[in-house]
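First comes the structure, then the notes that go with it.
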Amino acid sequence: MTKLLRPYRQAGRHAITRRFSGALMIPQTILLGAFSVACLLGAADPSGDLAERFALASDRAAVVDRLIPGTDDYYYYRGLLDQQQGKLLEADELLKSWDAALSEGKRSDPRQDCLAERQAVLWFERDPVEGARRLQRCLEISFDAPASPAR
């Protein structure tokens, strides 16, 4: 043991500190790397952060452009952005393509129904007849119920 410490004794007390601080840098580097990866994965979590980023963004188009086309989040936020910008025809096309993607995968997303109902209300503002037709279809309203029997 004394043979191992002899070079450090000759170099002084600080040589030992330098030797052990270098060994401690490796775990610190690994810990920092793991923390960075965890932060990046947390930033990509679409659970609630995306809605907040979209709502608070000054440039919502930039938020939507960062999404992966073809995903449910992309369809929802692109459609929402088109509706907010008054691009109802583009939103109609997007809803059709989202419906095709959902039916192809035999799955559903409740946000699609929400977006379709919102689209019907927005069309009602622009064209009341078309909007009423869309709302009737969207909400499955039927006016051809049989008459109730007289009492």
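Read-outs throughout are calculated quantities, based only on the coordinates presented, and are distinct from any laboratory measurement. All values reported here derive from a predicted model rather than from experimental measurement. Don't worry about glycine lacking a Cβ; one is built from the backbone with ideal geometry, like all the others, and counts go over all protein chains shown.
For the range 49-138, the normalised intensity computed at q = 0.16, 0.20, 0.21 Å⁻¹ comes to -0.65, -0.96, -1.04 (log10 of I(q)/I(0), Debye sum over alpha carbons, equal scatterers, no solvent). Extension gain, Phe124-Glu52: 0.36 nm per intervening residue step, less the Cα-Cα distance, totals 23.1 nm. How high is the relative contact order of the range 41-151, in percent, counting Cα pairs under 8 Å that sit 6 or more residues apart? Relative contact order, the range 41-151: 15 percent. The phi torsions of the range 137-151, fed into the Karplus equation with coefficients 6.51, -1.76 and 1.60 and a -60° offset, translate into couplings of 5, 5, 8, 6, 8, 10, 9, 10, 6, x, 5, 6, x, 6, 8 Hz, rounded to whole numbers, with Gly and Pro shown as x. Counting neighbouring beta carbons within 10 Å and listing from fewest to most, the residues Ser58, Ser108 come out as Ser58, Ser108.
Computed FRET efficiency, Cβ-Cβ of Gln85 and Leu139, R0 22 Å: what is it to the nearest 0.05?
Using R0 = 22 Å, I get an efficiency of 0.35.
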